[in-house]
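Q: Shown below is the structure under consideration.
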Amino acid sequence: MMPVNLVLEGVNLIAKPISLGLRLFGNLYAGEMIFILIALMLTFSSISIGLLGVGLHLIWALFHILILALQAFIFMVLTIVYLAMAHETEDH
């Protein structure tokens, strides 16, 4: 049973950091895509919609900065928890 357990634990140790990294990448990519869509709205629209786009761009920039800081904190905490779980020993 030891080889099977070793393989399962190895997959688990590799999957958690990859999962965290992909989730963080997806969140950052989605935020940047919204910036691009707002910029396209500014470029290919009338003046009134363009002015609305400037306001949306500023609001989204502030919101995005707040969300990035929160995500960085959450992923840092999750990484520390995963490393602590991998390093803990059983007391008998």
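Q: Among the residues of the stretch 1-48, which ones are farther than 30 Å from Ala69 by Cβ, of a type in the set (A, V, I, L, M) and assigned to a helix (DSSP H, G or I)?
A: Correct list: Met2, Val4, Leu6, Val7, Leu8, Val11, Ile47.
Q: Scan the stretch 49-85 residue by residue and report those that are β-branched (Val, Ile, Thr) and surrounded by fewer than 11 Cβ atoms within 10 Å (Cβ to Cβ).
A: Val77, Ile80 - these are the residues of the stretch 49-85 that are β-branched (Val, Ile, Thr) and surrounded by fewer than 11 Cβ atoms within 10 Å (Cβ to Cβ).
Q: Next up: Do you know which residues across the stretch 24-48 are surrounded by 13 or more Cβ atoms within 10 Å (Cβ to Cβ) and within 10 Å of the chain's Cα centre (by Cα)?
A: Scanning the stretch 24-48 gives Leu24, Asn27, Leu28, Gly31.
Q: Out of the residues in the stretch 41-71 that are among the hydrophobic types (A, V, I, L, M, F, W, C) and in contact with a Leu (Cβ under 8 Å, 6 or more places away or on another chain), state the one that is modelled with the highest pLDDT.
A: Of everything passing the filter in the stretch 41-71, Leu68 is modelled with the highest pLDDT.
The values are calculated or read from the model by the stated rules, or taken from the named source; none is laboratory data. This is a predicted model, so every value here is computed, not measured. Here Cβ is always computed from backbone atoms with ideal geometry, including for glycine, and neighbour counts include all displayed protein chains.
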